[in-house]
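None of the figures in this text is laboratory data; all of them are computed from the coordinates on show. What you see is a predicted model, and the numbers here were worked out from it, not measured in a lab. When we count neighbours, we look across all protein chains shown, and the Cβ atoms used for this are built from the backbone with ideal geometry, even at glycine.
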Amino acid sequence: MRKQTKLMCFLGVFLLSASVCIAKNNGIAITAIVNDDIITNFDISSRIRMTLTASRIPVTPENLNRVAKFELNSLIDDKLKQQEAKRLNITASDEEIEKAIQTIEAQNRLPAGALKKISLDSGMSEDAFKEQIMTQVLWLKIVRALSAKQIIVSDDAVEEELKRLKKSLSSTQYLLSEIFLPYSMAENTETLEKTALEIAKAAKENNNFSALAAQFSQSPSASKGGAMGAISKTEIFKPLQSVVEGMNKGDVSSPIKTEDGIYILYLADKRGPQEINKDYEYSLSQISVPLNKDIKDVLAKLENNKSSCEKFNNLASELSYKNSGDIGKIMQSVMPSNIKTVIGSLAVGEVSKPIKTNDANLLIMVCGKEEMTTLPNKNLIRNKLESQKAEAFAAKVLRELRRNAIIEIRQ
């Protein structure tokens, strides 16, 4: 066993040394070693050019140098994610990679095939492009696998969030997006400030804030193009509040320096205090009995067919009366007043008494009823809270991978 361990160690060192030698012989310099994987200057150069091209920031020597450390950290993270996927035996299929590409293109309003073209035109190889997308897919699968039993949102948490949202509607709401650049991502503060100015300038000139946030922001919101959703003033990071209050719809802020880093903000909309208006969405089925037909015969048949919407619809199909059967979903607020009153008094599963119209007697069954307000429903709130927990969990896992890794950075 001891000999086998020594042999494995020897093989690991040999393979790593071989990789380094191959890189040197091809004129490529080793920039970093992450556990047993190497990152070359070519890897970083390809990523930098792709990032600047996609972000529409001029590809100048100065800009290439500014984002070098950021892209090196990004590549280190990718290597760690790939290694963790290998350890967990998680893979990504070609179909999953293609779907991820389509999602990124849709989020950034790019035509089909544009993402790959931008990457290849910037000098990135097709293999490197595919590997970058594959890593994103792998990471999503890793987080899901590791967090499946840990991300639990209680009913109490949903209720608390609902209360918070109700309270926030009484104040001005800001539909805000952010780009956060921590000081640690650049060699010095001056370099980061210049990078932030270039990003802000690109966002103002090219209307591509979400793409820039996805590329550069180090906030969890980066996965959603920097979108923070609709929030009130008290929910905004205090050093940013006065800036946001002075912004108009569609504005991109200048870089804002804080203790931890630099922020760039985009205000998509500003809404005044709102009332919480209630409405109900009904799922309805009906039997429209022509006036020349005996309604009593239909009511007699209905006695045996009103225990469920399925039986009700089967009877409607059997009778073959025009405009009968499932009529889909309709908001109570847009119903004719005579029907609105009747439907409002019915419980789910109940059938109305005949409602006389100009050409028929209507029998309407309530198949479903859902309260709708200006607030999101509880399922959407739960999904949002789960997503926030997943983002925090992913950041924690990545920090642990970095802490446990052997990373050598060469100047």
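If you average over every viewing direction, what projected area does the convex hull of the Cα atoms of the range 125-257 give, in nm²? Result: 11.2 nm². Only helices enter the 222 nm calculation for the chain: every DSSP H run of n ≥ 4 contributes -39,500 (n - 2.57), and dividing by all residues gives -16500 deg cm²/dmol, rounded to 500. For the chain, modelled as a GNM whose springs connect Cα atoms under 10 angstrom apart, the maximal fluctuation among Asn305, Asn35, Asn65 occurs at Asn305. Stretching Glu259 away from Thr357 to a fully extended chain increases their span by 28.4 nm, per 0.36 nm per residue minus the current alpha-carbon distance. Taking 0.36 nm per residue of separation and subtracting the current Cα-Cα distance, fully stretching the chain between Glu371 and Asp251 would add 39.7 nm. When you work out D = kT/(6 pi eta Rh) for the range 319-411 at 4 °C and 1.567 mPa s, using the Kirkwood radius from C-alpha pairs as Rh and the Stokes-Einstein form, the result is 70 µm²/s. Between amide H atoms placed 1.01 Å from N, distances below 5 Å from Thr357 occur with Leu362, all of them 5 or more places distant or on a separate chain. In the range 142-218, Cα pairs under 8 Å separated by at least six residues give a relative contact order of 33 percent.
The mean of 1/r over all pairs of different alpha-carbon atoms in the range 219-315, once inverted, gives a Kirkwood hydrodynamic radius of 19.2 Å. Once the chain from Lys384 to Arg164 is taken as fully extended at 0.36 nm per residue, the excess over their C-alpha distance is 77.8 nm.
Between the beta carbons of Ser242 and Leu120, assuming R0 = 45 Å, the FRET efficiency works out to 0.55 to the nearest 0.05. For the range 100-180, the Cα-based Rg and Dmax, in that order, read 19.4, 52 Å. Estimated from the Cβ-Cβ distance and a Förster radius of 30 angstrom, the FRET efficiency linking Asn323 and Asp297 is about 0.95. Taking the square roots of five times each eigenvalue of the Cα gyration tensor of the range 279-372, the equivalent ellipsoid has semi-axes of 21, 15, 11 Å, listed largest first. Pairs of C-alpha atoms in the range 60-157 farther apart than 17 Å represent 63 percent of all such pairs. Size descriptors for the chain (Cα atoms only): Rg and Dmax, in that order, 29.4, 97 Å. For the range 190-312, the relative contact order comes to 17 percent (Cα pairs under 8 Å, sequence separation of at least 6).
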